[in-house]
Structures are given as C-alpha cells and as structure tokens.
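J.: This is the structure I have questions about; it appears just below.
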Amino acid sequence: MKAHRSIVRSLFAVLAATLLCPATGEAQEIPSPEEFFGHEMGADRQLARWDRLVEYYDTLGVLSDRLIVEHVGETTLGNPFLVIYVSSPENLGKLEEIRRMNAILSDPRGHTQRQIDDAIENSKVVFVQSYALHSTEVAASQTAAEVVYLFATRTDAGMEEILDETVSILIPAFNPDGNIIVTDWYNRWLGTEFEGSGPPELYHHYIGHDNNRDAFMQNTVESQYGAAIIFRDFVPQAYIDHHQMGPYTARIYLPPYAEPIRPEADPLVWREMAWYGAHMAYKMDEADLQGAIGSAIYSGWGHFGFHWITPFHNIAGMLTESASARLATPLYVHPDQLRGSRQFPEYEAQTTFPNPWLGGWWRVRDIVERQIIATFSPLELAAKNRETVLRNAYNKASRQTQRGLDGDVKAYVIPAEQHDPLTMQKMVNKLLGQGITVDRATRGFEHEGRVYGRGSYVVSMAQPKRGLIRWLLGQTYYPDNSYTRDRDDNPIRPYDMSTDNLAEFMGVRADPVGSAVVAAMTRVTSEIDPSGTVSLGTHGYVLDGRLNDSFEAANRLLASGASLSRVSSDGGGVRRGDFVVGPDADPAAVRDIAEETGVDFIALNSDASGVTYPLAPQRIGMYQRYYGGNIDEGWTRWLLEDFSFEYTSIMDDEIQRGDLHERWDVIVLPADSKRMMTEGGGGFGGGASTVPPEYRSGFGQEGLDALDEFVENGGTLVMFAQAGDLALDEMDVPVRNVLDGLSSSEFWAPGSTLKMKVDNTHPLAYGMPRNALATFLAGGQVYQTVPGARSADVRRVATYLDRDILESGWLLGEEVIANRAAIVSIDKGEGSVFMLGFRVQHRAQTHGTYKFLFNALVTQPPKMMR
Ligand SMILES: [Zn+2]
C-alpha cells in the first residue's frame, strides 16, 4: 500500500509541474533513436543501456506534450524505474478524471447508472504495456524507445485517433537492473568467441526469470510498482507484456492463448484477447512479416505473473513472444531446425499460422519490427471501439460481481484464530495488494455453525475480482483431460504450478461459506501493520515459536547481543520451540523489534532454564553457482534477508578449500541438479565450452569430499528437493528417494499442495502445526529409510498421509508417496543432514513451511535434548 500511495501522489505532482510549464514541442526537434543512440533500435550487436534509455525518455518527456515520463522509485539495485503515460495533451491534462471514471467502470459497486453512462461516454481506454521483464530477451527494451518516439512524433490520422481515444501506460523496462547486467555482459564479450553467451548470474539480483512469477505475491519492489498501476490505480482495459521465446519455432506468438484456459474469468476477457490478437496478426501479414501465430504454444492456464493474473482482474491480459537471436547477435536458423509446439503440431501453414517463416538469418531488428506492430495495432482497434471497450469493462465487472452474489461460495472467512496470526495478516495485505475488497469484523460472530473472533477478515465474492479470489483462496484441481495428456496418455506439464492457492501456500485457514456473512464489519482501507506488545517478567520474555516473525525478532536480538535460548519441551509457561529472551535485553531494542516485527514480548515469570538451550549466531553459507545463476538460490537469499538471517554466499573455491566446519555451522544447497553443482555445464546456448572459462563452475569430487567431512565434523548440511541427490548418491545416507526412476505416468505432482503429518517434537519442525501442506514441484524427492544398521540415524520430520494426499493441483500415483517421508533428518558423524524433499521456501511464497528452513538455520539442541 505504500507503493500505491507514492505512485499516485508523485504522478499528480508531475502533472502539476507539467501544467505549470507547458511543453515546448514546437521549439526543439525530437531526436530519433538513431540520432540519440547512434544506431537504429535493434541494429546488429548494439544494445542501448538503461542509463542512456532513461536520458532519452527524459528528453522526450520534456520535448513532447504527448508524454509524461515518471520516475516512480528505485529498483532493487537502485536504478530508476520509469512509467510513461501517453495520450493527447488534453487527455494528459485530465488524467486524474480519466482514472476516476475508469475506476467506476472497473468497480461499479455503489455508483449510479448515470455515473456509469457518463464514464462510458467520456472516459478513455486505458492500455498498459510492459517491456523487457526478462532481460536476456533483449529486443523489447530497444523496441520501447522506438515506440515512445513514434508516439511522440507520428502525425497521421491513425495516431491522432489513438491519442484522442486511449491512454497508454508504458513500463519501458520491467527489470531495469537486468538490462544493465545483460548489456554490460554482452559488450564485454563482443567480438570474442563468447559473444552472445548468457550472463553467469541471475539477471534480477534475487529472482532472475522468476520475476514473472511474482505478480501474485509482489515480493520485489519492481512487482510492487507494476501492481500499483495495474491492480489498483488504473485497472486498465487491457495489458500486454512483450517477451521472447526460443529461436526454432514461430517468429512471434500473439494472443489468444492455447488450451487449457483457467476458468472463472468473465468470458469477455478471452474474447477480447482473441479480438486484439487477430488484429495484431492481421497487421503483421499486412506488413508482410512472416511467422505470426496465435492460439498455440502458451496455454491459458499459466502462472500468476502479470499477463496471466490480469484476466481475473477483468483485464484482457496478453503476451507476445518473439523468437530470439543470440542476445544482440544475429542467429542463422536452418529450415531443418524449425518445429511446432503446443497446439502447433506441424511447422507448416495452418489457420492460426498461414504465413510460415522459412528460415535464414534472424536479427533483433526483426523482433523490434514485430513488437512495434504488436504494440500499436491493438490500440488502433481500441481507439475505433472506445465506447464498446469501456462498456464491456463495466459489463465484466458487474457480471463477475453478480456471479459472486449467486455462486455456491459467497465469501471466504479468514478467522482471527490462526496458527500464525501475523502470517495471516501478511496474507490479507497480499489480497489488498491485488485491489481485492476485504472487511474486518469489529466484534466476534457466528456463521454456519462456526464461531469467529473479533479481527477475523471477510472476503465477499460479490465483487469484480471474484475470479481472482476463487483461485487465491479456493481449492484448485488442475484439469486432467485430452488437453493435458499426450497421445500416449502421459500427462503434459502445466506451464507452471497447477495451483496458486495463497492460503494453502501460507499455511493460513480461509473458510469458504455458502451464505453471505452478516456481522459488524469495517472495510480495510490500508495495509495491516501490527505492532507487538512488550511486558517484562522476572525471567525475561517469551516469543511464540509458532510465529515466523519470531525468527526475525530472534535474529535481530542475537545481533544486538541479547542472550537468547530456545525451549525444547513444553512446561512452566513455555512451549516447545518458543524463544526465551533474558531480562537484561536492551529495552529500547526490544521495543523497536516488537513494533517492527509485530511479535509480542510476553512476560516470563518462571525459570525455564531446565527446558531451554542457548542460541548463538550461526555462520550460514549459501552455495551459489554460475551458468545464469540458480533461481531457487536467489529466492532463498531474498527470504533470509527478509527475516534478518545473516549469511554469506559461497562458491566452489570456498567449498573446495575444505575444513568447512571451521568456518561454517550450516551450509545450504538450494534446489539444483547434482550435475550443475558438481560439474556445471549447460547454460544458455550450449555446453560449458560456450561460457568464458572464469565463469565455469562445479565443485567436483573435491567439493563432495569437503561437504562429507563438514558433516562428519559437526556441520549441518541443508538440501532442498533434487539437491538431495548429493547425499543420496555420494554420502552414503541410509535413505532412498522413492520417486527415483519413475515416469510421469507413475508419479506426477506438478506444483501441487500435498497433505503431511508433522512431528513437531523434532527441532526441525518446532513451531509447526501437526498437519501442514507441502508445495511439491517437479524435482522434489520423497524418502524411505533403507533397512540396515544405520536406520536408527534417520528421523522422519514430516510424512505424507496414507491416502487423500492431494489438497490442490494435480496428483497421479499417490500410493507411491503414501506414508513416506517428505522431510528427514539424518545424524551423520558429529553433524546432521537435513533433507527437505520439497522447496519449503518456494519463491518466498510458502510461508506455511518456512519454519523447516528457519529451524535448520538456528542453533540445534544438544543431542541429549532431542
Ligand atoms: Zn520472457
């Protein structure tokens, strides 16, 4: 909500300034990209860097009265994040009025028919387009500069109509940091044998390519800027995100999506995508640009990134995907290399692909030309049909609201009574971030036989975003039918997860109810920002070990030098997993930490020393590799920083040095294949030989030996999902992965939530509820102890149920994992191996299982206390 306020306020500050000093478009000529950058956009081996692009946009912002260039804030690495508003000078002068009218159409609740008719008659179509979210897809950051230039200078009747009837909001680079990382890398190797190789690191500092998976939770600042515009401030009528795909299929994918689609959006959004997409393709062939395809390759059930979540905001949320070159280097595509894809079985002419490209040299300029047409053609259509588009914005919103009123589920109630109430409040904030209406009960109430306390939240389905609420809070079954099976009946992998249930990921209870809730409620109008209470007892304070945020409080207390201990069994006013803070902790630090984390510091008035063990800061090593980086590693860093865990990133040389126990207490191996960790290779565009030698990684046998010795000498080794192969194959642990060697028809759980029992007497599960959900992805592991002398060293920390294991998503072969371990801890020598068979911290979304990681990173109890 902070981002929300700042964007609106700063935009109207810019507007006021614009009105005070009218633009001087007549006086000075607007430079073309070629004049400004010294080359055409998309020219071979040329990439404009973000700092120069910003200068260009700022220059055009001053010279053209059709543009407002806004610096909305800083990116993750401190670069400017830009949003550009484009329309006629008259429309730009009344942007707030247009925003207000569009808000009526996207949420007509409480407005009169007259206000609605007035908005349809007088407002403008709002269209958001974003470029360069994925930074190795280099064309779009260049296209955007030419697009802005054309907006500023074209004087034809078509452009006049677009400017008069529409407002475009452009995000010229959704990840500016990545443009800089990739441009500098590209230029460094230009003219060498490594020209066109991919950068060694993640092109978003934390989350790389997964920045398109974050619209859903808005963990990064870039996602927050985008969400403020698309979900709350402007809720546009359409949104297009311009990407690139692999080089060997169609030249450009255009809307609509292929099957299957995710149901529950208003049907008009799918019709609008087909309508805009058909016009884009029509204009593509009018210009004789070959190779455009629609209704193929990208299915309509994707992840909840911006272009796939927007249909559930009643926005025509679209994607374009152009074939890639080798960064900015031309690529020769031999006709033999061209092939089909999903719902595009043969690379030959068909109704959605009447004009095949026949191969040859492929250049960034080819992409730029297609992206320019894909940008302007839907605007032409919207401009000619302004009233229809606006009326249908109203239709979509009002019909979805009516469906919510009539549907079987009338609301979701989020009880105040939760295992981790602070995480529940974070979930409510994420719903608010989507622009969903949420009410809070000001008194306790009873509904459908259940009692809910004061402070429970109610999310009514009778609102325009009901489709979104259904997927974020409702149980989800991915379709299993002929669209999701191949000819041999093998399941086809969903584009991403098979569920995106926020409540399940976060471990929060949300009850669907079949009748409207009648209770004393107030609307929640700003982000919840809880503040913890402080009450000092004779023996200090207790922090509730069930709260994720207690770990942040503990980390900050340890860093401040406070004495801290952890409870290993219930009794005497404390509970296993709680943190005990000594009475001498600095009161000012305690007050600050309580206020900022929301954790209550509860008075401890009895001596708990018989059931506690001391905590000390741990030396945590996070393993990192090259070859484009490892997204799971980046997300883990993001999460550790969010909860104030101190860590150090370590690479091969550090592991290979040996004597690791002298420098580290815990080493974390994020989800990754054994081959990538030990041998490296692969990466963008071929094997290790395509990568400059100093950026080849893999710690080899030397590293494996060092990690084994680390554990024998008392270290804690933590492995997520497929990283467990390192222990299974190389460390002689007495467990096996029951999924090893199974085909997709024998076991299949592509991004599903699975039910497990948790042994919360084990230190790795302290503070967890007895029942929890694992978020299981491809590459996950499930463990069975191997009979033998060392089986006593294995403890099952979490175990899948014996039947009815699926909560949401898709699961085939549940008998394979029934009653098998999701997480095991293995004693080995003086140390421990923690094998977390699924990503407990997946994309910083699975708050419900963070504690398995956090517990692994704090001091372990002495073995006699376990
Ligand atoms: Zn992409």
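The values are calculated or read from the model by the stated rules, or taken from the named source; none is laboratory data. Quick caveat: nothing in here was measured; it's all calculated off a predicted structure. Methodologically, a virtual Cβ is constructed for each residue, glycine included, from the backbone with ideal geometry; neighbour enumeration extends over all protein chains shown.
J.: Name the one entry in THR437, THR401, THR423, THR388 that is outside any strand (DSSP E or B) and free of Cβ contacts under 8 Å to residues at least 12 places away in the same chain.
T.: THR388
J.: Of GLU137, GLU97, GLU90, GLU121, which residue is of a type in the set (D, E, K, R) and assigned to a loop (DSSP other than H, G, I, E, B)?
T.: Numbers: GLU97 fails: assigned to a loop (DSSP other than H, G, I, E, B); GLU90 fails: assigned to a loop (DSSP other than H, G, I, E, B); GLU121 fails: assigned to a loop (DSSP other than H, G, I, E, B).
GLU137 is the lone residue from the list that is of a type in the set (D, E, K, R) and assigned to a loop (DSSP other than H, G, I, E, B).
J.: For ALA228, work out the one condition from (1) surrounded by 24 or more Cβ atoms within 10 Å (Cβ to Cβ); (2) within 16 Å of the ligand (Cβ to nearest atom); (3) closer than 21 Å to ASN79 by Cβ it doesn't fulfil.
T.: Every condition holds for ALA228 apart from (2).
J.: Quick one: which residue in PRO255, PRO263 is within 16 Å of the ligand (Cβ to nearest atom) and under 26 Å from the mean Cα position of the chain (by Cα)? Step through it out loud before you land on a result.
T.: Working: PRO263 fails: within 16 Å of the ligand (Cβ to nearest atom).
The conditions single out PRO255.
J.: Restricting attention to segment 435-451, does a residue exist that is closer than 22 Å to PRO263 by Cα and either under 18 Å from the mean Cα position of the chain (by Cα) or hydrophobic (A, V, I, L, M, F, W, C) (or both)? Even if it seems obvious, please write down each step before you answer.
T.: Initially, segment 435-451 is screened for residues closer than 22 Å to PRO263 by Cα, giving 435-437.
Those left that are additionally either under 18 Å from the mean Cα position of the chain (by Cα) or hydrophobic (A, V, I, L, M, F, W, C) (or both): 435-436.
Yes: one or more hits.
J.: May I pose another question? Please pick out the residue among ALA588, ALA616 that is hydrophobic (A, V, I, L, M, F, W, C), more than 27 Å from the chain's Cα centre (by Cα), over 24 Å from PHE776 (Cβ atoms) and in a loop (DSSP other than H, G, I, E, B). Steps first, answer last, please.
T.: Values: ALA588 fails: in a loop (DSSP other than H, G, I, E, B).
Result: ALA616 is the single residue among ALA588, ALA616 that is hydrophobic (A, V, I, L, M, F, W, C), more than 27 Å from the chain's Cα centre (by Cα), over 24 Å from PHE776 (Cβ atoms) and in a loop (DSSP other than H, G, I, E, B).
J.: Which one of these is in a helix (DSSP H, G or I), exposed (fewer than 15 other Cβ atoms within 10 Å of the Cβ), modelled with pLDDT under 95 and not charged (D, E, K, R): ALA3, ALA27, ALA16? So that I can check it myself, show each step before the final result.
T.: Numbers: ALA3 fails: exposed (fewer than 15 other Cβ atoms within 10 Å of the Cβ); ALA27 fails: in a helix (DSSP H, G or I).
Testing whether each residue is in a helix (DSSP H, G or I), exposed (fewer than 15 other Cβ atoms within 10 Å of the Cβ), modelled with pLDDT under 95 and not charged (D, E, K, R) leaves just ALA16.
J.: Pairs, please: C-beta under 7 Å, at least 6 apart or cross-chain, first residue at pLDDT below 95 and in segment 845-866, second among the aromatic types (Phe, Trp, Tyr) and outside any helix (DSSP H, G or I)?
T.: Going by the 7 Å Cβ cut-off, the qualifying pairs are PRO861/TYR613; PRO862/TYR613; MET865/TYR613.
J.: Now for a separate question. For segment 313-333, what are the residues that are within 16 Å of the ligand (Cβ to nearest atom), under 24 Å from VAL126 (Cα atoms) and surrounded by 24 or more Cβ atoms within 10 Å (Cβ to Cβ)?
T.: GLY317, MET318, LEU319, THR320
J.: Under the condition of being within 16 Å of the ligand (Cβ to nearest atom) and of a type in the set (D, E, K, R), which residue from segment 231-252 is farthest from ASP366 (Cα to Cα)?
T.: Checked segment 231-252; the qualifying residue farthest from ASP366 (Cα to Cα) is ASP241.
J.: Looking only at segment 734-773, count every residue that is more than 30 Å from GLY545 (Cα to Cα) and outside any strand (DSSP E or B) and tell me the total.
T.: Narrowing segment 734-773 to residues more than 30 Å from GLY545 (Cα to Cα): 734, 736-750.
Among the residues that remain, those that are also outside any strand (DSSP E or B) are: 734, 738-747, 749-750.
Result for segment 734-773: 13.
J.: Return only the number of the condition from (1) closer than 30 Å to GLU348 by Cα; (2) assigned to a loop (DSSP other than H, G, I, E, B); (3) out of contact with any helix residue (DSSP H, G or I) (no Cβ under 7 Å at 6 or more places or on another chain) that PRO260 does not satisfy.
T.: PRO260 satisfies every listed condition except (2).
J.: Taking segment 130-142 only, how many residues are of a type in the set (Asp, Glu) and more than 9 Å from the ligand (Cβ to nearest atom)? Before the answer, list the steps.
T.: So in segment 130-142, the residues of a type in the set (Asp, Glu) come out as 137.
This time we only want the ones that are more than 9 Å from the ligand (Cβ to nearest atom), so: none.
Number satisfying all stated conditions: 0.
J.: Among the residues that make up segment 421-434, is at least one of them surrounded by 19 or more Cβ atoms within 10 Å (Cβ to Cβ), in contact with a Ser or Thr (Cβ under 7 Å, 6 or more places away or on another chain) and more than 30 Å from ASN490 (Cβ to Cβ)?
T.: no
Residue-wise test of (1) buried (at least 22 other Cβ atoms within 10 Å of the Cβ); (2) among the hydroxyl-bearing types (Ser, Thr, Tyr); (3) farther than 28 Å from THR775 by Cα.
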position	(1), (2), (3)
LEU669	yes, no, no
SER689	no, yes, yes
TYR695	no, yes, yes
PHE710	yes, no, yes
ALA723	yes, no, no
ASN737	no, no, no
GLU746	no, no, no
THR753	yes, yes, no
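J.: Looking only at strands (runs of 3 or more DSSP E) that lie completely in segment 478-557, which have at least 2 residues being surrounded by fewer than 22 Cβ atoms within 10 Å (Cβ to Cβ) and not aromatic (Phe, Trp, Tyr)? Step through it out loud before you land on a result.
T.: On the way: elements: 511-513, 521-523, 541-543.
So the answer is 511-513, 521-523.
J.: Does any residue in segment 78-105 that is surrounded by fewer than 20 Cβ atoms within 10 Å (Cβ to Cβ) come within less than 6 Å, Cβ to Cβ, of a residue that is at pLDDT below 95 six or more places away or on a different chain, and which pairs are these?
T.: Within 6 Å, no pair qualifies.
J.: Do we have GLU286 as over 25 Å from SER482 (Cα atoms), of a type in the set (D, E, K, R), away from the ligand (no atom under 16 Å from the Cβ) and surrounded by 21 or more Cβ atoms within 10 Å (Cβ to Cβ) here?
T.: In short, no.
J.: Based on this model, can you work out whether ARG466 counts as touching a Lys or Arg at 6+ places or on another chain (Cβ under 8 Å) and either touching a residue at least 12 places away in the same chain (Cβ under 8 Å) or of a type outside the set (Lys, Arg) (or both)?
T.: Values: touching a Lys or Arg at 6+ places or on another chain (Cβ under 8 Å): yes; either touching a residue at least 12 places away in the same chain (Cβ under 8 Å) or of a type outside the set (Lys, Arg) (or both): yes.
The answer is yes for ARG466.
J.: Answer yes if at least one residue in segment 292-304 is β-branched (Val, Ile, Thr), more than 16 Å from the ligand (Cβ to nearest atom) and outside any helix (DSSP H, G or I), and no otherwise. Spell out how you get there, then give the answer.
T.: Going residue by residue through segment 292-304, those that are β-branched (Val, Ile, Thr) are 293, 297.
Checking which are more than 16 Å from the ligand (Cβ to nearest atom) leaves us with 293.
Filter once more, keeping what is outside any helix (DSSP H, G or I): 293.
Yes.
Each row is one residue, and each column tells you yes or no for (1) within 14 Å of the ligand (Cβ to nearest atom); (2) surrounded by fewer than 23 Cβ atoms within 10 Å (Cβ to Cβ); (3) over 30 Å from the mean Cα position of the chain (by Cα).
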position	(1), (2), (3)
LYS124	no, no, yes
VAL128	no, no, no
ALA144	no, no, no
VAL147	no, no, no
GLU161	no, yes, yes
ILE180	no, yes, no
ASN187	no, yes, no
HIS209	yes, yes, no
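Per-residue answers, yes or no, for (1) crowded, with 22+ Cβ neighbours inside 10 Å; (2) part of a loop (DSSP other than H, G, I, E, B); (3) of a type in the set (Asp, Glu):
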position: GLY780; (1), (2), (3): yes, yes, no
position: GLN784; (1), (2), (3): no, no, no
position: ALA789; (1), (2), (3): no, yes, no
position: ALA792; (1), (2), (3): no, no, no
position: ARG803; (1), (2), (3): no, yes, no
position: GLU815; (1), (2), (3): no, no, yes
position: ALA822; (1), (2), (3): yes, no, no
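J.: Right, another one. Tell me, please, whether a residue that is assigned to a strand (DSSP E or B) and in contact with an Asp or Glu (Cβ under 8 Å, 6 or more places away or on another chain) can be found in segment 224-238.
T.: If we filter segment 224-238 for residues that are assigned to a strand (DSSP E or B), which is where we start, we get 238.
When the remaining residues are screened for being in contact with an Asp or Glu (Cβ under 8 Å, 6 or more places away or on another chain), the result is 238.
So far as segment 224-238 goes, yes, one or more of its residues are assigned to a strand (DSSP E or B) and in contact with an Asp or Glu (Cβ under 8 Å, 6 or more places away or on another chain).
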